[in-house]
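One structure is given here, and the rest of the page talks about it.
The values are calculated or read from the model by the stated rules, or taken from the named source; none is laboratory data. None of these values were measured; they are calculated from a predicted model. Neighbour counts run over all protein chains shown; Cβ positions are idealised from the backbone, glycine included. SASA here: full protein model, heavy atoms, side chains in, ligands and nucleic acids out. Shrake-Rupley method; radii C 1.70, N 1.55, O 1.52, S 1.80 Å.
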Amino acid sequence: SSSRVVPNSVLLALGSAGAKGIVAAPLRARAPVPAPNLSSTWEDELWRLQRLYCEAGQFSCQDGEDGGRVIQLTHHCTDPDWEAVNWAPDGLRFEIKVPAGYPECTSALPALVVTGPADLPERLLQLLPLLFSEAASKAPPSSAAVCRSLQHVDRHLVLLWLKLRAKERGEAMPSRVDDQVQKTDEGQRHEGGAAASSTSGSGSWTPEEQARLEAGMAELRSEKDVKKRWDSVALRVGGGKTARDCAERFRSFRAQAVNRGATDEKQPLRFAPQERVELTALLPPPSAPAQAQQQAAVPAMNAAEVRRVGVEVRLLGLVLEGLSTLLPNTLRMQVVCDRCKKPTDVESKGQGTDTRGVDIACPTCKQQMTVTVAPSICHAGCAAIAHVAGSGCHPVQLLRSDFEAVCGECTAAAAMRNAGPGFRRRGNCAACFAKTNIAIEGADVLGAGVARWRQVALEQGEHQTARKQLQDAKRHEKELGIKVGQPLPYQGACKHFQKSYKWLRFPCCGRAVPCNECHDEQTDHPYEWATRMLCGYCSFEQLCNKDKCGNCGAATTRARTTYWEGGEGCRNRTLMSKNDTHKYRGLGKCVSSNAAAKSSAK
């Protein structure tokens, strides 16, 4: 029999017995992956800056002197340790002067000037331009030096502020910014490595300072405010140690404890060659770096404090017939992160009226959020079911939750699952068979600032929904094989509009379909006015227009038309389509004899 050439993967599947008479196909050399293009144009960088800073505040780009440009923007620090409410609630206002010929010309570099707020320390106003200039000088030619420099400033902004505040307290601060940057890089490099006093970036630690650190951590471990906790620990340690020094030393030994094997769990940790200190009791269990799961936490506040500082959750239109009380077992709330303003759902489980807490990381920005719930016994005279206090978040809405209802005749408890606005249930008690009825018309959250954060949650929720719909729509288009450079099916035409060579992107669902009638046939909701379209010849997405495609130059409609189209189409009644009402308009109109005589005289 003649031999056949098959791929090597088939030979491996057949084995030695089934591969007789089969010749392996020669291996083909894979083409090397091209190197990424690191060059950037001014238009690309300006578009990137607009995307980053237009929504954060004021952004403008104007022509300056000598052909340069002046950019004015508002920068919000992305470091979680940045206390924006106390330091710069409205952000930092920067003015960047871009020289002419940037980014091709490297003789002159962009410069940064801090224009606000006015109450910033003078030393900070001097150091920020130095950081910006340092990063701009190290940027490769023809690269996005302005964006790189702004990222460099953002990365070291909190460090500079902490050093300046330490100097105000009478502690020493390095005179050069390079020393601060070097210390930050060393602390990040050695954060997960072996613990040693010389590698933590905080200088040498004496046994007395280490003992005060342990005592402060044990005393303040219940403090939920991370910034306040480390500041208090640094005050107790003294000796010129800052909050960042204490935190870096603690993280280094925690990483050492996590990396130890299970067999070495009882062995003491060594802080330095001359030290031997037990720190296992002070180390909390480590959490995953990208943890987004909810965990039960020890409440930091009692019920009285939660009712004083938290918001009240009430049931509206509550009807209890045959039931005496209602107590929440699983309370589900919608909260808004105070950093990224994105809403998320939180679930708190517990029994009785004891205060319970939940820790959760924001799915978007990973900020740690804590929700403390103080349940209340709800009855006919009081519709309040709980008081909720949030740390790092703001409760805005009650979701469907699980309750425990108590019968009014025999005091037997029954579970009411997924009860919320619009919930109605009639039944009999499982113990005494008494008739019961419960109805909830709505729910409300009462407290300071709830209305504003609820509006923020509504806007961000709509934005997230629209973004998800657009992603699903583009994923569906990718499955259909639609990509830029290839024509759409039937060049974008459909049975309703056979001379229209485009697809419309409808904002209501994000889907791209040939026309509004096709949209209503394929979806379960009415269409909204579309403002974007896909060219039928090249699938390039652009704003809706009647002209040619901006990518391939093809006409999106038939060039010659036989319809009136508002006066922009055919105006010749002889060539006009008989289906157009303008073709015969005015032909049956009566003309008076005087008008006929005047027209004949002319």
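Some observations on this one:
- Taken together, the residues in segment 569-588 that are surrounded by 11 or more Cβ atoms within 10 Å (Cβ to Cβ) and assigned to a loop (DSSP other than H, G, I, E, B) amount to 10.
- Residue count, segment 377-413 (criterion: touching a residue at least 24 places away in the same chain (Cβ under 8 Å) and over 29 Å from ILE360 (Cα atoms)): 8
- Taking the numbered list (1) part of a helix (DSSP H, G or I); (2) under 21 Å from LYS502 (Cβ atoms); (3) modelled with pLDDT of 80 or more in turn, GLY566 passes all entries but (3).
- Pairs meeting the criteria (first residue in segment 475-504 and closer than 11 Å to THR556 by Cα, second residue open to solvent by 60 Å² or more (accessible area, probe 1.4 Å), beta carbons under 6 Å, at least 6 apart or on different chains) are LYS499/ARG558; TYR501/GLN491.
- Check on PRO526, surrounded by 11 or more Cβ atoms within 10 Å (Cβ to Cβ) and part of a loop (DSSP other than H, G, I, E, B): no
- Total residues in segment 360-403, condition assigned to a loop (DSSP other than H, G, I, E, B) and within 17 Å of ALA451 (Cα to Cα): 1
- Single unsatisfied condition, SER592 versus (1) hydroxyl-bearing (Ser, Thr, Tyr); (2) without any contact (Cβ under 8 Å) to a residue 40 or more places away in the chain; (3) surrounded by 12 or more Cβ atoms within 10 Å (Cβ to Cβ): (3)
- Against the numbered list (1) under 27 Å from the mean Cα position of the chain (by Cα); (2) open to solvent by 20 Å² or more (accessible area, probe 1.4 Å), VAL450 comes up short only at (2).
- Residue within segment 542-557 that is more than 14 Å from TYR501 (Cβ to Cβ) and not in a loop (DSSP other than H, G, I, E, B) present: yes
- The sole residue among ALA374, ALA384, ALA419, ALA389 that is touching a His at 6+ places or on another chain (Cβ under 6 Å) and open to solvent by less than 20 Å² (accessible area, probe 1.4 Å) is ALA374.
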